[in-house]
Amino acid sequence: MKILVTGGTGYIGSHTVVELQAKGYEVIIVDNLSNSTIEVLDNIAKISGKKPLFEKFDLIDPERTAVFFKLHNDISAVIHFAAFKAVGESVELPLMYYRNNLLSLINILQGMIDNGIRDIVFSSSCTVYGQPETLPAREDTPIQKAASPYGNTKQISEEIITDTSINADIHAILLRYFNPIGAHESAVIGELPLGVPNCLMPYITQTAIGKRPFLRVWGNDYDTPDGTAIRDYIHVVDLAKAHVIAVERLTGDKGKKQVEIFNLGTGNGFSVMEVINSFEKTSGVKLNYEIKERRPGDIVKVWADTEYANAELGWKSEKTLDEMTSSAWKWEQSLAKKR
Ligand code: UD1
């Protein structure tokens, strides 16, 4: 089976391509390389022994996307990762976010409908829950008004897919990721943030390697055991594996509804300090950090109820926080060697 992976040279995309190839799927990647590099294709091949097919273009171009789908109407399913994802940037450049994230999805769905391609797995986010009133967050926990245009594109995308499925023969699985971190055990692929990272894990490893002078811990006066904010960090390889299961469920007609939603997390919340402690333990590096004011827009705590994904998908995250932080460190060190 041939699977289209949009954004397949990106962080979660590249790990998913490797897992798909390991299960014998043929992969075709579409990526505009706006936040990734062409070398990722060779790095995927180093792990899997097979270079995926690749086309570079922008999925916001309706004509180009239509031509692509017509040419590749033998695609069995689509996994759609390609999107902008920086919360702060989306506040500054909302139109860029709405244009990119929504038009590309619309063009993909149109291409699927026009060519009889039925199945799509969509990258959604726990951001749709905002700060839930009750924890853990379940798939039926009410979603809250998005705190950023980025978050809003995820909410609207979920609605676009759901609305489209009503009148078109589209079957979808919406995967709500919690906080993906870590890297492939080979340290050949991993997260490649452009410029200064916003996210915690790459900021930690870049500080430890000497690229940044110190980590700023955004707030230690939250209502949590150690005062720092809590998230559900999940190893990117565990996350990638869930995508293969989602594709198998769609193409095997095993879904219970036309559109299904699953949380992808570990079910455990860890504080910023717990992540730092794990990193220091697994790397043996003492991290330079300073406590700062809370970051605007941050929620206090969130973690996933994973029961539904565990029961229905037969999937469970396997890797520990220590495995996440140690693999992220191995990846940062391999990047440093290349530099
Ligand atoms: C946010 C988004 C999420 C998105 C993700 C990746 C929300 C609610 N969440 O996650 O949807 O997928 O970004 O773009 O919009 N921290 C520090 N110092 C740092 C960096 C982070 O202390 O230098 C802290 C943060 O305050 C937070 C935790 O680490 O408590 C995790 O932050 P981050 O990795 O940026 O992810 P989220 O903000 O949870």
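The values are calculated or read from the model by the stated rules, or taken from the named source; none is laboratory data. On a predicted model such as this, the values are computed, not experimentally measured, just so you know. Here the Cβ is made from the backbone with ideal geometry for all residues, glycine too, and neighbour counts use every protein chain on show. Just so you know, the surface numbers come from the protein's heavy atoms only, side chains and all, with ligands and any DNA or RNA stripped out. Shrake-Rupley method; radii C 1.70, N 1.55, O 1.52, S 1.80 Å.
Inside region 102-138, can you point out the residues that are away from the ligand (no atom under 16 Å from the Cβ) and in a loop (DSSP other than H, G, I, E, B)?
115, 116, 117, 118, 134, 138
Any idea which of (1) open to solvent by 40 Å² or more (accessible area, probe 1.4 Å); (2) away from the ligand (no atom under 16 Å from the Cβ) is the one residue 142 doesn't satisfy?
(2)
When region 215-229 is examined, which residues are found to be within 10 Å of the ligand (Cβ to nearest atom) and in contact with a Ser or Thr (Cβ under 9 Å, 6 or more places away or on another chain)?
215, 217, 218, 219, 220, 222, 224, 228, 229
Answer yes or no: is there a residue in region 59-68 that is closer than 30 Å to residue 196 by Cβ, open to solvent by less than 70 Å² (accessible area, probe 1.4 Å) and among the polar types (S, T, N, Q).
No; the residues of region 59-68 include none that is closer than 30 Å to residue 196 by Cβ, open to solvent by less than 70 Å² (accessible area, probe 1.4 Å) and among the polar types (S, T, N, Q).
Being modelled with pLDDT under 95 and out of contact with any Leu (no Cβ under 7 Å at 6 or more places or on another chain) narrows it down to one residue among 231, 295; which is it?
Values: 231 fails: modelled with pLDDT under 95.
Answer to the selection: 295.
A quick yes/no check of all residues on (1) at positive phi; (2) open to solvent by 50 Å² or more (accessible area, probe 1.4 Å); (3) within 11 Å of the ligand (Cβ to nearest atom); (4) free of Cβ contacts under 8 Å to residues at least 24 places away in the same chain:
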{"residue": "207", "(1), (2), (3), (4)": "no, no, yes, no"}
{"residue": "213", "(1), (2), (3), (4)": "no, yes, no, no"}
{"residue": "231", "(1), (2), (3), (4)": "no, no, yes, no"}
{"residue": "257", "(1), (2), (3), (4)": "no, yes, no, yes"}
{"residue": "262", "(1), (2), (3), (4)": "no, no, no, no"}
{"residue": "286", "(1), (2), (3), (4)": "no, yes, no, yes"}
{"residue": "294", "(1), (2), (3), (4)": "no, yes, yes, no"}
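Among the listed residues 240, 246, identify the single one that is assigned by TED's automatic domain parsing to the domain that holds residue 145, modelled with pLDDT of 95 or more and within 16 Å of the ligand (Cβ to nearest atom).
240
Can you pull out the residues in region 86-120 that are among the aliphatic types (A, V, I, L, M) and either open to solvent by less than 10 Å² (accessible area, probe 1.4 Å) or in contact with a Cys (Cβ under 7 Å, 6 or more places away or on another chain) (or both)?
So in region 86-120, the residues among the aliphatic types (A, V, I, L, M) come out as 86-87, 91, 93, 95-96, 102-103, 105-106, 108-109, 112-113, 117, 120.
Result: 105, 108, 109, 112, 117, 120.
Right, residue 219: at pLDDT 95 or above, among the small types (Gly, Ala, Ser), open to solvent by less than 30 Å² (accessible area, probe 1.4 Å) and not assigned by TED's automatic domain parsing to the domain that holds residue 285 or not?
Numbers: at pLDDT 95 or above: yes; among the small types (Gly, Ala, Ser): yes; open to solvent by less than 30 Å² (accessible area, probe 1.4 Å): yes; not assigned by TED's automatic domain parsing to the domain that holds residue 285: no.
So residue 219 fails the test.
Return the pair list, or none, for Cβ contacts closer than 6 Å from residues in region 17-37 that are assigned by TED's automatic domain parsing to the domain that holds residue 240 to residues that are open to solvent by 60 Å² or more (accessible area, probe 1.4 Å) and not in a loop (DSSP other than H, G, I, E, B), at least 6 apart or on different chains.
Within 6 Å, the pairs are 19/241; 28/53.
Would you pick out the residues in region 296-324 that are within 23 Å of residue 260 (Cα to Cα), among the aliphatic types (A, V, I, L, M) and away from the ligand (no atom under 12 Å from the Cβ)?
Passing the criteria: 304, 309, 311, 313.
Just to be sure I understand, how many residues within region 175-205 are in contact with a Lys or Arg (Cβ under 9 Å, 6 or more places away or on another chain) and more than 12 Å from the ligand (Cβ to nearest atom)?
8
Taking residue 150 as the residue in question, decide whether it is assigned to a helix (DSSP H, G or I), near the ligand (Cβ under 10 Å from one of its atoms) and not hydrophobic (A, V, I, L, M, F, W, C).
When the stated conditions are applied, residue 150 passes them.
Those residues that are of a type in the set (A, V, I, L, M) and closer than 24 Å to residue 18 by Cβ, I need them from region 35-70; list them, please. Explain how you work it out, then say what you get.
Filtering region 35-70 for residues of a type in the set (A, V, I, L, M) gives 38, 40-41, 44-45, 47, 53, 59-60, 66-67.
Correct list: 38, 40, 41, 44, 45, 47, 53, 59.
Taking the stated definitions as given, is residue 38 more than 16 Å from the ligand (Cβ to nearest atom) and open to solvent by less than 70 Å² (accessible area, probe 1.4 Å)?
For residue 38, the condition - more than 16 Å from the ligand (Cβ to nearest atom) and open to solvent by less than 70 Å² (accessible area, probe 1.4 Å) - is not met.
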